[in-house]
Amino acid sequence: MKVDVSLRNFHAKDQAEKNDGFFINQFGNAEYAEEFHESGGDNHETSNVFHEILQQLKKDEKQKKKIPDYFVHSAGTGGTISSVGRYTKRYNIPTRILLSDSEFSLFHDYVISNKFTNESGTKIWKAPGVAGIGYGYNVKPIIYGETTSLTRNVVDESMKMPDIASAAAMHVLRERGIGGGASTGLNFLVSLHKAYQLKDKKRPGRLTIVTIICDPGEFYESTYFNSTWIDKMFSEQGGMKGLDCWKNVSLDIGKIFTYNCKTFQIFPIG
């Protein structure tokens, strides 16, 4: 059965009920699949990604700071970033949890202001978004435990980025030998800009930000890495010319909010 993406969960649940099946609902139940307890120092007894990150930093002799200042991640189901947030809160780890969100997603407003819990965001959402993450195409509002597993009270900060900027970041990362997908580009931009915001702030040790390469860039050869697709899906932002403009923004120092890409529709998102 092929249905509109905005109705996929509705039809999945409906078909399960009609055919004696079981609707897993990964969006509402992801929190149960993500562990948030430590394993007593053993490397192989936990499914929590932040525990694994701490173990890797602990073993890395070149890494002087063993606890990151920030963990940056986007939300699809919301399970991963929520499990990391619950882990840091449970064990009083000072790492701040920063949600990276796409341009027209509702998660940013949900986390910051508890918005869109009683209304749909389909009128706000615009394609293509950032593949695999964000919220807006679902016809239902954001309902914890039903349409999302994103836990608001364990996320400390949130930041949005223009979708075309995330696409451009994918290209920049590939040129530097990192083959990540669209959400990896988004995570990279948010990490970079947070570092820029904190560049003059005094702190003990080197600023350390951890993020995740979510999926391989090879999945997006026909989309985000395809110039024809970019020209079509990001026509309002200048297509490939707009993307190239974003690539040329001062990514090395994170000053992406203060740059004007000539006549292209580039704007800051708070």
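In the set (1) among the polar types (S, T, N, Q); (2) in a helix (DSSP H, G or I); (3) closer than 24 Å to residue 49 by Cβ, the condition left unmet by residue 158 is number (2).
The rows are residues; the columns are (1) within 24 Å of residue 84 (Cβ to Cβ); (2) surrounded by 15 or more Cβ atoms within 10 Å (Cβ to Cβ).
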site: 128; (1), (2): no, yes
site: 137; (1), (2): no, yes
site: 167; (1), (2): no, yes
site: 175; (1), (2): no, no
site: 180; (1), (2): yes, yes
site: 202; (1), (2): no, no
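When the residues of the range 96-147 are filtered to those that are touching a residue at least 40 places away in the same chain (Cβ under 8 Å) and among the polar types (S, T, N, Q), the one that is nearest to residue 225 (Cα to Cα) is 102.
Of all residues in the range 200-220, those that are part of a loop (DSSP other than H, G, I, E, B), in contact (Cβ under 8 Å) with a residue 12 or more places away in the chain and on the phi < 0 side of the Ramachandran plot total 9. Is it true that residue 39 is assigned to a loop (DSSP other than H, G, I, E, B), in contact with an Asp or Glu (Cβ under 8 Å, 6 or more places away or on another chain), modelled with pLDDT under 85 and surrounded by 14 or more Cβ atoms within 10 Å (Cβ to Cβ)? Spelling it out, residue 39 is indeed assigned to a loop (DSSP other than H, G, I, E, B), in contact with an Asp or Glu (Cβ under 8 Å, 6 or more places away or on another chain), modelled with pLDDT under 85 and surrounded by 14 or more Cβ atoms within 10 Å (Cβ to Cβ). Only one entry in 120, 166, 191, 183 is touching a Cys at 6+ places or on another chain (Cβ under 7 Å) and either outside any strand (DSSP E or B) or of a type in the set (Lys, Arg) (or both), namely 183. Whether a residue is over 27 Å from residue 234 (Cβ atoms), out of contact with any strand residue (DSSP E or B) (no Cβ under 7 Å at 6 or more places or on another chain) and crowded, with 24+ Cβ neighbours inside 10 Å was assessed, and residue 113 does not pass this test.
Select, from 202, 247, 194, 241, the only residue that is within 18 Å of residue 133 (Cβ to Cβ), modelled with pLDDT under 95 and of a type outside the set (A, V, I, L, M). Exactly one of 202, 247, 194, 241 is within 18 Å of residue 133 (Cβ to Cβ), modelled with pLDDT under 95 and of a type outside the set (A, V, I, L, M), namely 194. Checking the structure you have, find out if any residue of the range 70-85 is surrounded by fewer than 20 Cβ atoms within 10 Å (Cβ to Cβ) and either on the phi > 0 side of the Ramachandran plot or touching a residue at least 24 places away in the same chain (Cβ under 8 Å) (or both). Taking every residue of the range 70-85 in turn, none turns out to be surrounded by fewer than 20 Cβ atoms within 10 Å (Cβ to Cβ) and either on the phi > 0 side of the Ramachandran plot or touching a residue at least 24 places away in the same chain (Cβ under 8 Å) (or both).
The values are calculated or read from the model by the stated rules, or taken from the named source; none is laboratory data. Keep in mind the model is a prediction, meaning the values are calculated, not measured. Cβ: placed from backbone, ideal geometry, glycine included. Neighbour counts: every protein chain shown.
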